[in-house]
Amino acid sequence: MPLLELDAVDAAYGDLQVLWSVSLRVEAGEVACLLGPNGSGKSTVMNCISGLLSPRAGAIRFDGERIDGCPTDRIVARGIAHVLERRRVFPYMSVLDNLLLGGFTARARRPEQLERVFGLFPVLRARRPQLAGTLSGGEQQMLAIGRGLMAGPRLLLVDEPFLGLAPMVVRGLLGVFAALNREGMTILLVEQNVELALGMAHRGFVLESGRVMIDGPAREVRTSGELRRVFLGAP
């Protein structure tokens, strides 16, 4: 049984349908990446999983139980954390308070999780009293990921984690994701850098116009002619 399963999910914003019968499976302990051109529906998939958007049709299961239609706080409590695109930290709150806000669930062990986050991102320990809005872009991304980890998730959803970051920061985040995965955490990420994403992932999904066009092991997706067609228009 997969840890996460989407079965024929449709989703829309008002009258605008964005997802069309999207089905995918992520196994426990996998790193999976969701790829596709801008506007293909990648963030909408993530929003449906985390409860920010209710699907119009289909089912979403986490560890065998349906979560589609559940409130976001209940989905977080079940073990899913969503790190949104463009960081979304609270700029006028301290780094420490931003982190503590992520640890509100019953499964979160705040002192233990806080030490874990500081171990992964030592710069955040030094910046604890600093306002989040004064951090660099890379530090804000670390804070956003750290806040998600404070909930003690089994599945971490990360939307565009490397967007606009310096190569050195990207390398550091790649190391963090690898460490989390070695500990057994399942990760589903959205990323525009195809080579980077497929290089770190076990499985890849490619969306086009709200439909899954490719689903397979990362090494096979990387060499797929369909991948070239979706991104480059190649025949």
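The values are calculated or read from the model by the stated rules, or taken from the named source; none is laboratory data. All values derive from a computational prediction rather than experimental measurement. No Cβ is skipped: glycine too gets one built from the backbone with ideal geometry, and neighbour counts run over all protein chains shown. Remember, those area values only see protein heavy atoms, side chains included, never the ligands or the DNA or RNA. Shrake-Rupley method; radii C 1.70, N 1.55, O 1.52, S 1.80 Å.
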Residues located in the stretch 140-160, provided they are among the charged types (D, E, K, R), surrounded by fewer than 22 Cβ atoms within 10 Å (Cβ to Cβ) and not in a loop (DSSP other than H, G, I, E, B): none
Options 197, 201; residue that is within 18 Å of the chain's Cα centre (by Cα) and open to solvent by 10 Å² or more (accessible area, probe 1.4 Å): 201
Contacts under 6 angstrom Cβ, first residue in the stretch 214-228 being under 16 Å from residue 24 (Cα atoms) and at pLDDT 90 or above, partner open to solvent by 30 Å² or more (accessible area, probe 1.4 Å) and acidic (Asp, Glu), 6 or more apart: 214/226
Residue count, the stretch 12-61 (criterion: in contact with a Lys or Arg (Cβ under 9 Å, 6 or more places away or on another chain) and open to solvent by 50 Å² or more (accessible area, probe 1.4 Å)): 5
Pairs where the first residue, in the stretch 124-135, is without any contact (Cβ under 8 Å) to a residue 12 or more places away in the chain and the second is in a helix (DSSP H, G or I), C-beta under 7 Å, 6+ apart: 125/118
Counted residues, the stretch 161-175 - those being farther than 12 Å from residue 83 by Cβ and in a helix (DSSP H, G or I): 8
Tally, over the stretch 161-175, of residues that are open to solvent by 40 Å² or more (accessible area, probe 1.4 Å) and under 26 Å from residue 72 (Cα atoms): 1
Unmet criterion (only one of (1) open to solvent by less than 50 Å² (accessible area, probe 1.4 Å); (2) under 15 Å from the mean Cα position of the chain (by Cα); (3) not β-branched (Val, Ile, Thr)) for residue 210: (2)
Of all residues making up the stretch 100-120, the number that are hydrophobic (A, V, I, L, M, F, W, C) and open to solvent by less than 10 Å² (accessible area, probe 1.4 Å): 2
Residue 172 being small (Gly, Ala, Ser), out of contact with any helix residue (DSSP H, G or I) (no Cβ under 6 Å at 6 or more places or on another chain) and at positive phi: no
